[in-house]
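Here's the structure we're looking at; comments come further down.
Just so it is clear, none of the values below were taken in a lab; they were calculated from the coordinates. Since this is a predicted model, take the numbers as computed values, not measurements. All Cβ positions, even for glycine, are placed from backbone atoms using ideal geometry, and neighbour counts span all protein chains on display.
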Amino acid sequence: MTTKLFGEPVRRREDARLIVGKGRYLDDIGHNALAAAFVRSPHAHARVVDIDVEGALDVEGLVAIYTYDDLTGPMAEPLPVLIPHPQLTAPRTGYSLAYEKVHHVGEPIVMVVATDRYIAEDAAERIVVTYEELPAVVGVDAAHEARHAVHDDVPDNVSARHHQETGDVEPALAASPHTLTFTQYIERSASMPMEGRGVHAHWDADDRSLRVYTATQASTSVRAAIAAKLELSLDKVEVIAPDVGGGFGVKIMHPWPEELLVPMAAMNLGADVKWSEDRREHFISSAHERQQKQEITVGFDDDGRLTALDVVVWHDNGAYTPYGIIIPIITATQLIGPYDIPVYRVRVDSVYTNTVIVTPYRGAGRPQACYAMERTMDRIADVLGLDRAVVRERNLIQSSQFPYDAHLTFQDGRPVVYDSGDYPGLMAKLKDLVGWSGAEELRDDATARGKLLGVGMAMYVEGTGPGPYEGGHVQVLGSGKVLVATGLTSQGQGHETSFAQIVASELGVPIEDVEVTTGDTRRFPYAVGTFASRAAVMSGNAIALAARGVREKALRIAADVLEASPDDLEIEDGVVQVKGVPGTSIPLRTVAVLSNPLRYAFDEAAKQATQFTSHDDSKPPVAPGDAPGLEHRDYYSPLRSTFASGAHAAVVEIDPATWEIDVVKYAVVHDCGNVVNPMIVEGQVHGGVAQGVGGALYERMAYDSDGQLQNASFMDFLMPYASEVPDVVIDHQQTPSPLNPLGIKGAGEAGVIPGTAAIASAIEDAVGRRITSMPISPTELYDLMRNPAAERTAASAGRAENGVLA
Amino acid sequence: MKPAPFRYADPGTLDEALAVLSAEGAGAKVLAGGQSLLPLLSMRLAAPATLVDINRVPGLDSVEVTGDGVTVGALVRHNALLRDGAAARVQPLLARATANVAHPAIRNRGTTVGSIAHADPSGEMTSVLALTDGSVTVATPDGAETVGWRDLFVGPLETSLHGPAVVTSAHFSALPPRSGTAFAEVARRKGDYAVCGAGVVVTLDEDRRVAAVRASYVSVGLTPEVHDLTDAVVGKPVDGADWSAAGALARTLVDPDSDLHASADYRRLLVGVLTERTLASAAAEAAGRAA
């Protein structure tokens, strides 16, 4: 068994457990717990006039009912604004249970606790809430128009005006040989993990301590929030993310009302309490993302080189802004992608609507940004009669330009400086992979079969691995087992495998000996969370540094025993040996035993470390500045984010009779620096592409004008099945990051980013009509095709004459 | 997503089932495959006082095939009908349509008769019952009765059956001589409820000319209907018929609704396209059988 596993396609160690049903998810915990259920607002905007619980009181098995009036101290205050920002001038957050008003359908008003969930729902159904309905604001256009206000004291519905610019855009546009101005839309979707949110709380009345399990992406911060809201000392709260069935961003938002209310009830009732979100609750009470209106003006020369770009975005932030303006910032700063744009200005107005809150969903503002930039490239190519790839190539940042300072400020408050990349390389690989130069033959072949074929492409740069920090702890036990802990959480990314690969490689131990724990504040209390494609970059490097610390200590102790210099030692397969001297060795587990001087021998191995075995009398058992145990804790805190990149292409076939859209080929070139595990990275890409296809062709949140979500079930909210996801062909490029010890960049979100842009481009190429609103469904495409006012692309003019298009 | 409280009965005989239904009155619902009913319960969109589970009732799980047609018992799962070769020979629409019912997991539990009794106009088998001029047999405390499809379907999710009753079987007529069938759907995702589905039967005369064309659609209209499209192509030789004319006629006969996934106009478009496509395929089959 080799121990040099970094970069190898090691099979995911967690899969056997998860696939055969041995995962331990939130709802698997605490079968005897009391169950919570919620009365949620059926109205998008209303005043809560009265709550009558009388009818519920005789439900057998009812334990408690909580309304806002039962909340005290910090719990009666609004939920926190997690990420404040100077431009977030009108932040608003809800309450754990509604106070006076509700601002979206699904907002919690009453918590019912009963002996089981059935009874809790029976009781909840009998609670009568009287509302005075208020006008609902739905969609960015209505928010912008501001005939009604979501929050009375924010009459323009604008929570924040985010603004960045790299120069004076107006003169640059005025001096441009060509300009184009257009408007486009992108709709809401949502993370939709298989497992919804969920919380289980255990109050130990003797110890006065709280243990909370929650399906979260940020257990340390949930812990801090619970301690603050419930007025507990931090050391009396532990928070554990058990196996979590997907997150995709929705579980980085915290503290959710339920994450506070369920522990509050457990303390109050002296009993375990659990709440498991059901799918309808997830649709109407968790978070969505992605709706934006984009007004784009671009200046360019005769060759298609950009001279200036001016973008105005109206971003729907839903009813509240607990997550600040992270998504607007990401859209604003990631919009420029891999292109060298002389002057860029972006203004994002983040607006309130009477809909579910908007917080990051995998991609987090980047799919919208990519859609804006890449559709701009398509338009320039169309106006100039150039190949879409050529226009992109002429604007790419060249390899000689790194580090490339974009003169923007990223979501971590630090400058957007692209650390490394090879964007022309991505483009060259993509064209080969998808057969870009043979597109016309593909089109002819499809035409002969009665289909319309189109190809499209999109490129992106993704800032990954933002700080402030993550930590890692590595400890070798006397058994030889290597315990690894990091504070950030896992939701299926394969951390048990990839982090173990890093430790096995750094320390020189078999991966079988390595056990990884994530998201458990008992094991590692300092962490930020799993989001922004940061786990491998942040915890991966922290764990590598911790492993290097253990290695250094192990070599020091072994050098004493082996009477050699640490520089002459190596560790392989868990054995420390003198390089080139077979037989002069000591197992790492023995080093671990010796690292902890003992008085008491509790087992055979421990005898080696007790006080009457041989030792150097001239030194104390634990030297000054040293510590017992073979363990090390270290942190990685980056100067700034590292920027991954990639290019996608889609080939679509459209049935001109039914307007069904089929993605027949999907090509990905992906660069995330050094790769820990290519199999896991490809899995991330596949999953991302599936969500990209979903966002482009299937998923949307269908709110009506009253703010009622019309498709709040998996019957009507159409996530793609395996049958709708195309085969994905992948090529890798590796441009290591100079910013971190392992040279890696994040890979978690990349797959989803260009989907909407690339597929919109391909559909436009196939049908010759301008696509300005995504996602698009067959019924909408039919409407577009029979609309005489629909804009035809210039590229389609030649093709229309030969009769392909009616 | 937990059902409201309900009583549960699992009678061992049909008489017992009817007795429970009689005793419980209008609040009782029959449970067979549960693939539509249980989600409705979980979302509290339905809250029957009593569920009468007929899965233990003997004699309801067979497919009987005769020269006249196929009789499908109330406990026959979609997948059993899908795989029944004898049934497919007598009425090919049965396998062709059940193949479009949802996904394998749902077909393994859901019953064909249950989906008919549910009377969902988005269901494939309600449409096939109509197109094959079928009927159901209903057990009541007063004895068994046969109800033809025209009398059965009253509205969306609504049948003419009232009072204590169990639909014990559905009968689909055999495919007539010199006839062919086809069934096709457009769905947003594979296995979804159809945006539009079409089942057709083409019958030729002895000179291989088109004698009769009938079609029935899925997710079009409030109840299943059968549309006679014969006029558009009658008398045309099977190889020379303009099936698009039948499609165009069909578009004028239907009255679809709009929903989240399709406008009424788009559904009408699909009625035309699917009619044309299925008729071409059904005519080829009819020609083969007529040879």
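In deg cm²/dmol, rounded to 500, what helix-only [θ] at 222 nm does chain B give when every DSSP H run of at least 4 residues adds -39500 (n - 2.57) and the total is split over its residues?
Here the helix-only value at 222 nm equals -9500 deg cm²/dmol.
Residues with beta-carbon under 9 Å from that of residue A:473, excluding residue A:473: net charge, scoring Lys, Arg +1 and Asp, Glu -1? Intermediate results must be reported in sequence, preceding the final value.
Working: positive: A:523, A:633; negative: A:631, A:634.
Once positives and negatives cancel, what remains is 0.
Count the net charge of all other residues whose Cβ sits under 14 Å from the Cβ of residue A:76, scoring Lys and Arg as +1 and Asp and Glu as -1.
Local charge sum for residue A:76: -4.
For the pair residue A:174/residue B:19, report the inter-label distance in nm, with labels modelled 7 Å from Cα in the Cβ direction.
Placing both labels 7 Å beyond Cα along the Cβ direction yields 9.4 nm.
Can you sort A:616, A:422 by how many other beta carbons sit within 10 Å, fewest first?
In order of increasing Cβ crowding within 10 Å: A:616, A:422.
If I stretch the segment between residue A:637 and residue A:231 completely, what's the gain in nm (0.36 nm per residue apart, minus their alpha carbon distance), one decimal?
143.2 nm
If I stretch the segment between residue A:414 and residue A:664 completely, what's the gain in nm (0.36 nm per residue apart, minus their alpha carbon distance), one decimal?
On the way: separation 250, 0.36 × 250 = 90.00 nm, distance 4.04 nm.
Residue separation times 0.36 nm, minus the Cα-Cα distance, leaves 86.0 nm.
If chain B were replaced by its equivalent ellipsoid, with semi-axes equal to the square roots of 5 times the Cα gyration tensor eigenvalues, what would those be, largest first, whole Å? The partial results should precede the final answer.
Numbers: eigenvalues 240, 89, 46 Å².
Values for chain B, descending: 35, 21, 15 Å.
Taking each residue in A:650-660, count the Cβ atoms of any other chain within 10 Å of its Cβ, then average. What number comes out?
3
For chain B, find the longest principal axis of its Cα atoms and tell me its angle to the long axis of helix B:243-253, 0 to 90°, nearest 10.
Orientation of helix B:243-253: about 50 degrees from the principal axis.
Between region B:135-150 and region A:99-168, how far is it from one alpha carbon centroid to the other, in angstrom?
Here the two parts' Cα centres lie 51 Å apart.
Subtracting the Cα-Cα distance from 0.36 nm times the residue separation, let me have the gained length for residue A:115 to residue A:208 in nm, one decimal.
Net length gain for the segment: 31.1 nm.
To the nearest 0.05, what FRET efficiency results for residue A:399 and residue A:722 with a Förster distance of 30 Å applied to their C-beta separation?
The pair residue A:399/residue A:722 has a calculated efficiency of 0.20.
What whole-number distance in Å separates the alpha-carbon centres of region A:287-306 and region A:27-85?
That distance is 43 Å.
In peptide B:253-262, what is the residue-averaged number of other protein chain Cβ atoms found within 10 Å of each Cβ?
3
Can you list residues whose amide H is under 5 Å from residue A:514's amide H, if they're 5+ apart or on another chain and H is modeled 1.01 Å from N?
Residues meeting the criterion, in which the H sits 1.01 Å from N, are A:482.
What is the fewest-to-most order of A:612, A:6, A:248, A:499 by other Cβ atoms lying within 10 Å of their Cβ? Provide the component values of the computation, followed by the final result.
On the way: A:612 8, A:6 21, A:248 26, A:499 30.
Ranking A:612, A:6, A:248, A:499 by Cβ neighbours within 10 Å, fewest first, gives A:612, A:6, A:248, A:499.
Taking R0 as 30 Å, what FRET efficiency do you get between residue A:437 and residue A:93 from their Cβ-Cβ distance, rounded to the nearest 0.05? Provide the component values of the computation, followed by the final result.
Details: r = 53 Å, r/R0 = 1.76.
The computed FRET efficiency comes out at 0.05.
Does anyone have the angle between helix B:264-290 and the longest principal axis of chain B? Alpha-carbon axes, 0 to 90°, nearest 10?
Computed tilt is about 70 degrees.
Could you give each residue of region A:353-362 its phi-based ³J(HN,Hα) in whole Hz, using Karplus coefficients 6.51, -1.76, 1.60 with θ = phi - 60°, and x for Gly or Pro?
Whole-Hz 3J(HN,Hα) from phi for region A:353-362: 9, 8, 9, 4, 4, 10, 9, x, 10, 2.
Enter the angle in degrees (range 0 to 90, nearest 10) between the Cα long axis of helix B:14-24 and the first principal axis of the Cα atoms of chain B, meaning the one along which they spread out most.
Helix B:14-24 and the main axis of chain B meet at about 70 degrees.
Dividing the alpha-carbon Rg of region A:688-761 by 2.2 N^0.38 Å yields what? Numbers along the way, then the final one.
Working: Rg = 17.0 Å, N = 74, 2.2 N^0.38 = 11.3 Å.
Compared with the compact-globule rule of thumb, region A:688-761 sits at 1.50.
If you average 1/r across every pair of different Cα atoms in the protein assembly as shown and take the reciprocal, what Kirkwood value do you get, in Å? Could the numbers behind the result be given before it?
Numbers: mean 1/r = 0.0308 Å⁻¹.
Result for the protein assembly as shown stands at 32.4 Å.
In terms of the ratio Rg/(2.2 N^0.38 Å) built on C-alpha atoms, what value belongs to region A:387-458?
Relative to the rule-of-thumb radius for its length, region A:387-458 sits at 1.56.
Pick from B:182, B:232, B:26: which residue has the top mean-square fluctuation in a GNM of chain B where Cα pairs under 10 Å get a spring?
Of B:182, B:232, B:26, the most mobile in the Gaussian network model is B:26.
For region A:105-217, what log10 I(q)/I(0) values come out of the Debye formula at q = 0.17, 0.18, 0.23 1/Å, with one point per alpha carbon and no solvent?
Per q value, in the given order, log10 I(q)/I(0) is -1.21, -1.24, -1.30.
Suppose we keep just the alpha-carbon trace of region A:260-333; what are its Rg and Dmax in angstrom?
Radius of gyration, then largest Cα-Cα span, for region A:260-333: 21.7, 73 Å.
Kindly state, to the nearest 0.05, the FRET efficiency for residue A:627 paired with residue A:303, given R0 = 56 Å and r defined as their beta-carbon distance.
Once rounded, the FRET efficiency stands at 0.30.
Hand me the GluC sites (Glu not before Pro) from region A:172-239 located in a DSSP loop with no more than 16 other Cβ atoms within 10 Å, in residue order please.
Counting only loop positions with at most 16 other Cβ atoms within 10 Å, the GluC sites (Glu not before Pro) in region A:172-239 are A:231.
For the residue pair residue A:715 and residue A:449, what label-to-label distance in nm results when each label sits 7 Å from Cα along the Cα-to-beta-carbon direction?
3.4
For a quick check: sort A:57, B:41, B:270, A:386 by the number of other beta carbons within 10 angstrom, fewest at the front.
A:57, A:386, B:41, B:270
In peptide B:182-193, what is the residue-averaged number of other protein chain Cβ atoms found within 10 Å of each Cβ?
3
What net charge do the residues around residue A:380 carry, taking every other residue with its C-beta under 14 Å from that of residue A:380, with Lys and Arg at +1 and Asp and Glu at -1? Kindly include the intermediate steps, with their values, before the conclusion.
Values: positive: A:305, A:375, A:379, A:388, A:392, A:394, A:770; negative: A:301, A:302, A:303, A:374, A:378, A:382, A:387, A:393, A:764.
Result for the local shell: -2.
Could you work out how far apart the two model spin labels at residue A:182 and residue A:469 are, taking each label as a point 7 Å from the Cα in the direction of the beta carbon, and quote it in nm?
Each label point is offset 7 Å from its Cα along the Cβ direction, giving 4.7 nm.
222 nm [θ] for chain A, helices only, -39500 (n - 2.57) per DSSP H run of 4+, per residue, to 500?
Mean residue ellipticity at 222 nm (helix-derived): -7500 deg cm²/dmol.
Please give the direction-averaged projected area of the C-alpha convex hull for region A:659-806, in square nanometres with one decimal.
Computed as one quarter of the Cα hull surface, the answer is 12.2 nm².
Among all helices in chain A defined by DSSP H, which have a length of 20 Å or more along the axis from Cα atoms plus a Kyte-Doolittle mean of at least -0.5?
A:366-384, A:541-562, A:678-693
Please give me, ordered by residue number, the trypsin sites (Lys or Arg not before Pro) of region A:370-467 that lie in loop per DSSP and have at most 13 other Cβ atoms within 10 Å. Mind dumping the intermediate values first?
On the way: sites: A:375, A:379, A:388, A:392, A:394, A:429, A:431, A:443, A:449, A:451; in loops: A:449, A:451.
Here the sparse-neighbourhood loop sites are A:449.
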